[in-house]
1. For segment B:70-77, take each phi angle, set θ = phi - 60°, evaluate the Karplus expression 6.51 cos²θ - 1.76 cosθ + 1.60, and give the result in whole Hz per residue in order, putting x for glycine and proline.
2. Accessible area drop of at least 20 Å² (1.4 Å probe, protein heavy atoms): which residues of segment A:84-114 qualify, relative to the chain alone?
3. Accessible area per residue, 1.4 Å probe, Å², for chain B: what's the number?
4. Explain nothing, just compute: Karplus ³J(HN,Hα) = 6.51 cos²θ - 1.76 cosθ + 1.60, θ = phi - 60°, for every residue of segment B:84-96 in order, whole Hz, x for Gly and Pro.
5. Give me the residues in segment B:35-64 whose solvent-accessible area, probe 1.4 Å, is reduced by at least 30 Å² once all protein chains are included instead of the chain isolated.
6. Of A:LYS95/B:LYS14; A:LYS101/B:LYS11; A:LYS95/B:LYS78; A:LYS73/B:LYS78, which pairs sit farther than 32 Å apart, going by alpha carbon to alpha carbon?
7. Under 13 Å between alpha carbons, and skipping anything fewer than 8 positions from B:LYS57 in its own chain: which aspartates and glutamates qualify?
8. Can you send over the carbon and sulfur percentage of the accessible area for segment A:1-75, probe radius 1.4 Å, protein chains only?
Amino acid sequence: AQTVTQSQPEMSVQEAETVTLSCTYDTSESDYYLFWYKQPPSRQMILVIRQEAYKQQNATENRFSVNFQKAAKSFSLKISDSQLGDAAMYFCAYKSRGAQKLVFGQGTRLTINP
Amino acid sequence: GAGVSQSPRYKVAKRGQDVALRCDPISGHVSLFWYQQALGQGPEFLTYFQNEAQLDKSGLPSDRFFAERPEGSVSTLKIQRTQQEDSAVYLCASSPGLAANEQFFGPGTRLTVL
């Protein structure tokens with residue numbers, strides 16, 4: 001079974017600075033998808049960014065980008081120019097190409113200091 | 001357009017009571033998922049529907065948990081004879097189709113079993 005590990009329970013960053021959240025995963029598959037979801041205190045989970053394993057190019061969405069290292073099974077999220085609205089729980093998730101369910105990590109609580 | 005909605009948002013039950021949690025997915029979404037999120041943890045998969053068919057129920061923790069989606073839209077997660085360990089946030093997510101990878105989440109129902 002696939003597992004996802006987020007080794008940083010909490011992170012904090014000064015507003016306008018850059019922060020990187022770590023995620024590693026374990027799988028024997030070669031074709032899969034990886035996601036970062038944001039869960040603000042209101043609890044509604046929002047997709048931040050996704051990466052398809054067969055694509056070598058790292059995904060980017062505005063201030064959010066990933067560093068996908070397939071051989072190392074690492075998928076970190078970089079947030080540039082951090083904003084107060086970025087404060088939330090961030091979850092890394094894995095999905096097999098042939099499956100429908102998401103496998104989540106334990107989450108990282110991100111605090112933005114003004 | 002409207003997102004995924006869930007009701008009730010909060011539910012308090014006495015141990016041994018039965019509860020029913022409702023999910024209204026985004027209109028037209030084929031896939032529907034239920035996840036359980038314990039306090040301070042990432043969501044864990046419970047079950048998956050494709051239209052009205054329950055294709056994967058491997059995550060249901062016991063036979064006290066039952067889910068249905070009789071007309072391929074609204075879904076209900078029922079928990080019989082609730083136990084304290086059932087206390088969690090129950091998240092519903094929907095997805096447009098089989099090939100789609102983004103799951104759209106509802107706000108969740110926080111269940112507290114006393």
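1. x, 10, x, 10, 4, 10, 10, 9
2. Buried by the other chains: A:PHE91, A:LYS95, A:GLN100, A:LYS101, A:LEU102, A:PHE104, A:GLN106.
3. Numbers: 5420 Å² over 114 residues.
Ligands and nucleic acids excluded, the result is 48 Å² per residue.
4. Result, rounded to whole Hz: 4, 6, 7, 4, 4, 9, 9, 9, 10, 9, 10, 9, x.
5. At a threshold of 30 Å² (probe 1.4 Å), the residues of segment B:35-64 that become less exposed are B:TYR35, B:GLN37, B:GLY42, B:PRO43, B:PHE45.
6. Pairs exceeding the cut-off: A:LYS95/B:LYS14; A:LYS73/B:LYS78.
7. B:GLU44, B:GLU68
8. That fraction is 43 percent.
The values are calculated or read from the model by the stated rules, or taken from the named source; none is laboratory data. In this text the structure is predicted, and so the values were computed from the model without any measurement. As a convention, Cβ positions derive from the backbone with ideal geometry for all residues, glycine included, and neighbour counts pool all protein chains shown. The accessibility values were calculated without ligands, DNA or RNA, using every heavy atom of the protein model including side chains. Shrake-Rupley method; radii C 1.70, N 1.55, O 1.52, S 1.80 Å.
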